[in-house]
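K.L.:
Take a look at the following structure, please.
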Amino acid sequence: MTRRRLTMLVVLVGVLAVAAAGLVFKPWLLFVDSRVNDTIPQVAQPLGSGEARPRPASAAPLQPGTPDAPRSPETATAEAQPRQLSAGTFISHEHPTTGGVRVIEQPDGSRLLAITGLDTTTGPDIHVWLSAADVVEGRDGWYTAGGADFVDLGPIKGNQGDQLYNIPPDVDLSRYVAVDLWCVQFGVSFGAAQLLS
């Protein structure tokens with residue numbers, strides 16, 4: 001093989017290697033933003049754990065053996081509104097990530113994951129996970145969710161803005177304590193939020 005052919009072969013292999021790396025890593029995504037503006041449901045003011053419902057001053061006094069006070073229109077309206085079950089704030093893992101998360105229960109009993117004010121990097125194959133692993137800060141936290149049970153709510157809609165994801169009705173939320181933005185292709189978390197009631 002002549003020196004010229006060898007040089008052309010090396011150049012060709014180099015070009016193919018760069019093209020293959022580009023297809024795998026998709027570096028151009030670092031410079032592309034996708035904003036989502038889903039309408040986040042307004043939630044009723046959450047009551048603290050174990051806190052009794054406020055009783056309107058105009059309600060009749062409770063009689064012995066009466067399970068509940070009569071409900072005012074304001075109380076009935078509040079009960080028919082979406083309510084927040086838990087919330088958290090993203091921390092950065094492999095990529096800078098900010099924003100908040102809320103788990104919202106609709107009046108019909110369905111649940112939504114609301115991501116608000118998200119700002120992260122676009123990447124290949126990023127999914128929104130409910131994770132059974134607690135959030136760990138720093139490099140150790142990049143891989144924590146990959147070794148725990150999770151519910152995949154689907155591909156991320158965008159790397160910025162407000163977005164909603166349906167939580168399947170059979171998901172036991174007491175098992176899933178965090179939200180992870182998980183890069184399936186590389187097995188790493190872009191950012192995560194611990195869910196607190």
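Each value in this text was obtained by applying a stated rule to the coordinates, not by laboratory testing. Because the structure is a prediction, the values reported are computed rather than measured. Don't worry about glycine lacking a Cβ; one is built from the backbone with ideal geometry, like all the others, and counts go over all protein chains shown.
K.L.:
Run down G161, G109, G117, G146 and say which single residue is in a loop (DSSP other than H, G, I, E, B), of a type in the set (G, A, S) and more than 11 Å from the chain's Cα centre (by Cα). Quick ask: steps written out before the conclusion?
P.N.:
Working: G161 fails: in a loop (DSSP other than H, G, I, E, B); G117 fails: in a loop (DSSP other than H, G, I, E, B); G146 fails: in a loop (DSSP other than H, G, I, E, B).
Being in a loop (DSSP other than H, G, I, E, B), of a type in the set (G, A, S) and more than 11 Å from the chain's Cα centre (by Cα) holds for just one of G161, G109, G117, G146, which is G109.
K.L.:
Also, quick follow-up: (1) small (G, A, S); (2) closer than 21 Å to R35 by Cβ; (3) crowded, with 17+ Cβ neighbours inside 10 Å: which one isn't true of S86, the others all being true?
P.N.:
The number of the failed condition is (2).
K.L.:
Just for region 129-149: of the residues that are among the aromatic types (F, W, Y) and in contact with an Asp or Glu (Cβ under 9 Å, 6 or more places away or on another chain), which one is surrounded by the fewest Cβ atoms within 10 Å (Cβ to Cβ)?
P.N.:
W142
K.L.:
In the list D125, D170, D140, which residue meets the criterion of being without any contact (Cβ under 8 Å) to a residue 24 or more places away in the chain, acidic (D, E) and under 20 Å from T98 (Cα atoms)?
P.N.:
Going through D125, D170, D140 in turn, just one is without any contact (Cβ under 8 Å) to a residue 24 or more places away in the chain, acidic (D, E) and under 20 Å from T98 (Cα atoms): D140.
K.L.:
Limited to region 167-197, what total is found for residues that are polar (S, T, N, Q), under 18 Å from I156 (Cα atoms) and not in a strand (DSSP E or B)?
P.N.:
So the count comes out to 1.
K.L.:
Separate question: So D152 passes all but one of these: (1) surrounded by fewer than 20 Cβ atoms within 10 Å (Cβ to Cβ); (2) out of contact with any His (no Cβ under 8 Å at 6 or more places or on another chain); (3) more than 20 Å from T39 (Cβ to Cβ). Which condition number does it fail?
P.N.:
Only one criterion is unmet by D152, namely (2).
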